[in-house]
Amino acid sequence: MPRVAFTSHLERHVQCPTGGIAVTGATVRDVLDRVFADHPRVRGYVLDEQGSLRQHVVVFVNGRAVRDRAGLTDPVADDAELYVMQALSGG
Amino acid sequence: MGDRIRVATRKGLFTIERDRSGGWDVVATAFLSDHVSMVLDDPRDGTTYAGLALGHFGAKVHRSHDDGRSWEECATPAYPERPSDAGPDVDAFGREIPWKLGLVWELTPGGPDQPGTLWCGTIPGGLFKSDDAGDSWHMVRSLWDEPRRKEWFGGGYDHPGIHSISVDPRDADTVIVGVSCGGVWHTESGGATWDLRADGMWAEYMPPERRHDPTIQDPHRLVRCATNPDCLWVQHHNGVFRTVDGARSWTEVENVPPSTFGFAVAVHPGDPDTAWLVPAVDDDARVPVDGQVVVTRTTDGGKTFDVIREGLPQHHAYDLVFRHALDVDETGERLVFGSTTGSLWVSEDGGRSWITVSSHLPPIYCTRFVPA
């Protein structure tokens with residue numbers, strides 16, 4: 001099952017599974033939606049109103065940054081490690 | 001001994017001078033109300049260069065041949081046109097890199113044997129060179145076309161940028177360049193070819209499998225010891241690093257009080273073991289620790305540090321010092337730094353104590369001693 005971890009920088013604003021959580025999903029969208037189902041407040045910190053990745057948030061899948069930042073259709077393998085992190089451009 | 005300082009700010013360029021009684025004051029202003037991102041006094045011929053960031057009209061470069069009394073616009077680095085059949089130029093996050101000058105972020109003179117040679121670092125990551133003192137610039141394509149540039153991304157700004165260019169005093173064709181976020185690059189051929197030299201740095205902001213990737217390191221500022229040119233210091237996004245082998249390898253300087261986060265660093269021109277930093281809490285809290293502005297200084301290569309407070313505000317002070325806003329003069333005895341609150345401080349004793357020059361300048365981007 002893919003695992004998703006969140007940057008500890010988010011903890012200052014909202015409780016989220018920084019240590020990592022395993023959820024099912026075949027795309028980045030699927031995986032994140034499942035996390036947000038249990039942690040609804042986190043959604044608005046990672047995605048904008050249209051469901052796109054916020055400009056200065058980056059999601060890595062096995063070390064590579066997600067390319068489809070609006071649709072989040074990047075595929076996720078069953079053993080994938082996802083990291084939701086803040087980009088350095090937003091500080 | 002540094003008696004004169006240029007200060008590039010959000011609203012103009014200021015020249016500060018020390019008078020005979022030891023007082024420091026503003027003696028000249030230029031480009032009042034314009035954003036000045038960078039300034040350089042060329043020690044070889046006394047020309048002063050200023051990089052402007054005109055919000056509406058783009059970045060520009062001006063120069064003065066009379067110590068800043070009068071200025072003329074010279075050539076500005078221009079990005080080339082993208083070939084129409086080229087694929088998209090995107091950064092590591094898929095963001096398109098515009099082939100347009102965003103900001104003049106570093107100006108460095110070439111070697112003493114290269115009159116008229118200047119280097120310019122820019123956002124979004126282009127490196128430029130002039131061989132005619134700013135009459136024209138050409139992009140150093142070898143670095144722009146480097147395939148690993150695709151791994152770069154913005155740090156502090158939306159797009160990557162070259163903020164530090166250090167020419168080896170022994171050989172002007174050997175140059176080291178610092179990129180946020182794109183590691184440290186080195187040439188021995190005046191820019192014809194490059195190798196990546198960031199081994200030993202690590203990135204807290206990356207997933208574990210990418211943390212030691214040299215291509216995505218974020219050195220905030222890179223400085224070289226003039227008399228020991230193989231020794232360089234870097235204030236990085238998540239720590240302080242030092243090399244003693246010309247950047248072939250970097251070692252982390254640990255346990256830096258009160259914090260390892262910051263933007264600026266300076267090294268004593270005559271002593272590679274003496275360096276100064278101006279820390280903030282961390283990248284989430286870019287304010288001084290406990291609201292107290294301090295300068296940290298080491299004289300033993302980073303094994304131990306003094307935390308210096310004398311003359312610096314210790315009560316609800318929220319100054320942040322940007323990467324180009326700390327400088328040391330050619331003797332190592334005088335330093336200057338300026339902050340986001342428009343405050344400017346000078347030290348005449350190697351950083352042990354500080355004098356407030358002003359608390360009311362515009363936000364400060366760059367401070368540089370005028371070479372004696």
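Assorted remarks:
- In this Cβ point-charge picture (+1 for Lys and Arg, -1 for Asp and Glu), chain A has a dipole of about 240 debye about its Cα centre.
- Taken about its Cα centre, the protein assembly as shown carries a charge dipole of about 920 debye when Lys and Arg each add +1 at the Cβ and Asp and Glu each add -1 at the Cβ.
- Ordering B:LEU107, B:PHE93, B:PRO83 by Cα displacement along the dipole of the stretch B:82-133 toward the positive end leaves B:PHE93 in first place; charges were set at the Cβ atoms of Lys, Arg (+1) and Asp, Glu (-1).
- Cleavage-rule hits, chymotrypsin sites (Phe, Trp or Tyr not before Pro), the stretch B:46-131, DSSP coil, Cβ neighbours within 10 Å at most 14: B:PHE57
- The modelled label-to-label distance for the pair B:SER259/B:ASP349, using points 7 Å beyond Cα in the direction of Cβ, is 2.7 nm.
- Neighbour-count ranking [beta-carbon atoms within 10 angstrom, fewest first] of A:HIS39, B:HIS237, B:HIS138: B:HIS138, A:HIS39, B:HIS237
- When only alpha carbons are used to place a centre, the stretch B:136-166 and the stretch B:187-250 end up 15 Å from one another.
- Modelled this way, with points 7 Å down the Cα-to-C-beta line, the labels at B:GLU310 and B:ARG170 are 3.7 nm from one another.
- Pairs of alpha carbons in the stretch B:223-338 whose separation is greater than 26 Å (percent): 13
- Remark: the stretch B:81-186 carries a charge dipole of roughly 280 debye about the Cα centre, counting +1 on each Lys and Arg Cβ and -1 on each Asp and Glu Cβ.
- Under Karplus coefficients 6.51, -1.76 and 1.60, residue-wise ³J(HN,Hα) of the stretch B:235-242 in Hz, glycine/proline x: 8, 9, 4, 10, x, 10, 10, 9
- The A:ASP68 and B:VAL287 beta-carbon pair, evaluated with R₀ = 56 Å, returns a calculated FRET efficiency of approximately 0.95.
- Taking trypsin sites (Lys or Arg not before Pro) across the stretch B:1-83, the ones in a DSSP loop with at most 13 further Cβ atoms lying within 10 angstrom of their Cβ are B:ARG20, B:ARG69.
- Computed from the C-beta positions of A:SER52 and B:HIS65, the FRET efficiency with R₀ = 45 Å rounds to 0.30.
- Pairwise label distance in nanometres, B:THR29 with B:PHE57, each label 7 Å out on the Cα-Cβ vector: 1.9
- Within chain B, the longest segment free of exposed loop sites, counting GluC sites (Glu not before Pro) that fall outside DSSP classes H, G, I, E and B and have at most 10 other Cβ atoms within 10 Å, spans B:82-253.
Every number in this text was worked out from the coordinates using simple rules, so none of it is lab data. Keep in mind that what you see is a predicted model, and the values were worked out from it rather than measured. Every residue, glycine as well, gets a Cβ built from its backbone with ideal geometry; the counts of neighbours run over all protein chains shown.
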